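Reviewing the structure listed below.
Just so it is clear, none of the values below were taken in a lab; they were calculated from the coordinates. Being a predicted model, the structure only gives us computed values, none of them experimental. All Cβ positions, glycine included, derive from the backbone under ideal geometry; neighbour counts span all protein chains shown.
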Ligand SMILES: [Fe+2]
């Protein structure tokens with residue numbers, strides 16, 4: 001008989017301990033569900049080995065959220081030769097359910113990053129079609145080699161699949177390879193960005209472009225969106241401001257204190273909020289300066305890509321600075337993600353490319369990621385951070401990291 005117990009620690013949060021008792025079984029697959037069974041459209045969140053005594057334990061970390069529809073956790077257990085299977089479930093205690101109502105006035109954004117177009121436009125079209133919102137952020141490395149032909153092909157993919165969407169891009173290190181690609185008569189990243197921003201302007205957005213770089217800022221509803229250029233020719237992670245500090249960024253953040261959210265688009269993550277952070281050196285040459293600016297402000301949503309790290313890894317891909325209500329999200333990649341040869345059991349689709357969907361309001365940010373290929377939602381990539389959230393009080397608690 002399969003028995004399941006949960007040891008959750010905070011309302012609406014998946015953080016905690018999941019204990020399976022299944023004598024004679026070998027493996028338990030954990031999923032969110034209701035009284036009837038697992039939720040449709042959501043993949044499993046853990047594969048838990050069962051020891052010979054019949055016990056298995058999974059610790060869910062990284063502050064993921066519990067889906068609103070979930071009232072139960074389901075365990076599907078199989079024996080060692082997969083000849084027998086049995087299901088069990090546990091009700092989620094009422095005080096831990098996610099009862100936060102969806103905010104109908106929340107702003108919706110889709111995010112794609114690291115598409116690396118070289119010669120397979122169908123992969124780009126598939127990813128673009130997988131996005132749900134009318135507004136799309138492209139976080140860089142749209143192309144693999146930064147060639148004018150690749151950007152022309154990318155534009156054709158947009159025209160074919162999502163012609164009506166408003167798209168705000170930033171460059172990645174693969175997009176800017178040599179200055180000659182942006183000479184008059186050619187159209188590489190510079191032309192690509194200008195075409196997309198001009199289209200946004202035609203739709204009524206006022207885009208404030210920097211003269212000294214490809215950075216820009218634009219009000220989108222109650223959000224202020226700031227696109228950074230953090231790379232220069234030769235695939236270098238350099239802000240092109242020379243010795244100038246990033247004062248313009250700080251000035252922009254100060255200009256709109258009323259923004260419901262400052263959304264910063266930057267190809268690479270900051271050192272302190274990088275899923276690879278334990279490996280040391282920062283990507284960005286102005287990592288500390290940029291972090292210090294963000295730490296002087298509140299209500300920031302910092303979106304990055306570049307790492308290709310799968311959001312399904314245990315540590316997760318979102319950090320929340322609850323004191324400032326600043327969120328840092330690494331968005332994986334639209335091509336196959338990196339599970340880093342993980343040490344645990346993993347589903348094959350945890351390497352799939354991902355599309356990220358955001359619901360942003362003044363109080364809360366809801367983040368969900370799905371497989372570009374199948375549309376299945378990843379429970380390990382579902383977050384909800386809210387100023388009124390009791391999780392806020394846990395910032396210093398070790399078990400909440
Ligand atoms: Fe990159």
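The table below lists the values:
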| quantity | calculated |
| --- | --- |
| Simple spin-label estimate for residue 336 and residue 285 in nanometres, 7 Å along Cα-Cβ | 3.4 |
| The chain: angle of helix 189-202 to the longest principal axis, Cα-based, in degrees nearest 10 | 90 |
| Full-stretch length increase - residue 345, residue 159 - with 0.36 nm per residue and alpha-carbon distance subtracted | 62.9 nm |
| Gyration tensor verdict on the stretch 237-332 (Cα atoms; rounded if a/c is under 1.5, prolate if a/b is larger than b/c, oblate otherwise) | oblate |
| Added length on full extension, which subtracts the Cα-Cα distance from 0.36 nm per residue, residue 238 to residue 82 | 50.9 nm |
| Cα gyration tensor category, rounded, prolate or oblate, for the stretch 115-207 with a/c compared to 1.5 | oblate |
| Centre separation in Å (Cα based) which lies between the stretch 1-65 and the stretch 209-280 | 39 |
| Residue 51-residue 9 FRET efficiency (beta carbon distance; Förster radius 30 Å; 0.05 resolution) | 0.80 |
| nm² value of the averaged projected area, convex hull over the Cα atoms of the stretch 3-96 | 5.7 |
| Rh (Kirkwood; distinct C-alpha pairs) - the chain, Å | 22.0 |
| Between the stretch 302-331 and the stretch 73-128, the Cα center-to-center distance that results, in Å | 17 |
| Degrees separating the helix 148-161 axis from the principal Cα axis of the chain, which is the longest one | 60 |
